[in-house]
């Protein structure tokens, strides 16, 4: 599991006006929350935050906060990050404090391995779930969930019940949903071809 440190500054004032002033100074207003922890408003530097979550673990990186007494030494994960729609600059962030001894819920990216036989035959691999929820200890969060698609033919699919969770973790689910599938030709292309054939037949009848 990736680890990082992040220097933060505690801020006593909150509100849209304060947040705008902070962003004008090149800072990002943020909030830290968690079990047995009153929400704390803090300020972070955008470049430092980008660096903290730049590893392959991304938002699942365990971040140790430094500099602000109420959250000093707290281990958190980034839970939400809003960006400006056009400039893509950071607008605000939310951090969730976690207990390293208790299992948590994490979203893990799905990674396919190999090239499906159905794709080689002209089909299309469609990934319906790019992430899967995993329950595990914070120090045992896997970077990805690999699915070998080599043997999949056109029409084959993979359901969540078929996935083996990484060691020390589990994948919760209520319904056995589809993660990925190998589809044939696009339906719209087949419809167009069918319509063209019908038009040809009608022209021949005339």
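The values are calculated or read from the model by the stated rules, or taken from the named source; none is laboratory data. Please read these numbers as outputs of a predicted model, since none were measured by experiment. Because the Cβ atoms are built from the backbone with ideal geometry, glycine has one as well, and the counts that use them run over all protein chains shown.
Summary table below
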read-out: Residue 36 at negative phi and not assigned by TED's automatic domain parsing to the domain that holds residue 140; value: no
read-out: Residue in region 100-116 that is more than 20 Å from residue 172 (Cα to Cα), touching a residue at least 60 places away in the same chain (Cβ under 8 Å) and either in contact with a helix residue (DSSP H, G or I) (Cβ under 6 Å, 6 or more places away or on another chain) or in a helix (DSSP H, G or I) (or both) present; value: no
read-out: Residues located in region 122-161, provided they are part of a loop (DSSP other than H, G, I, E, B), in contact (Cβ under 8 Å) with a residue 40 or more places away in the chain and surrounded by 17 or more Cβ atoms within 10 Å (Cβ to Cβ); value: 123, 141
read-out: Verdict on residue 119 being in contact with a strand residue (DSSP E or B) (Cβ under 8 Å, 6 or more places away or on another chain) and in a strand (DSSP E or B); value: no
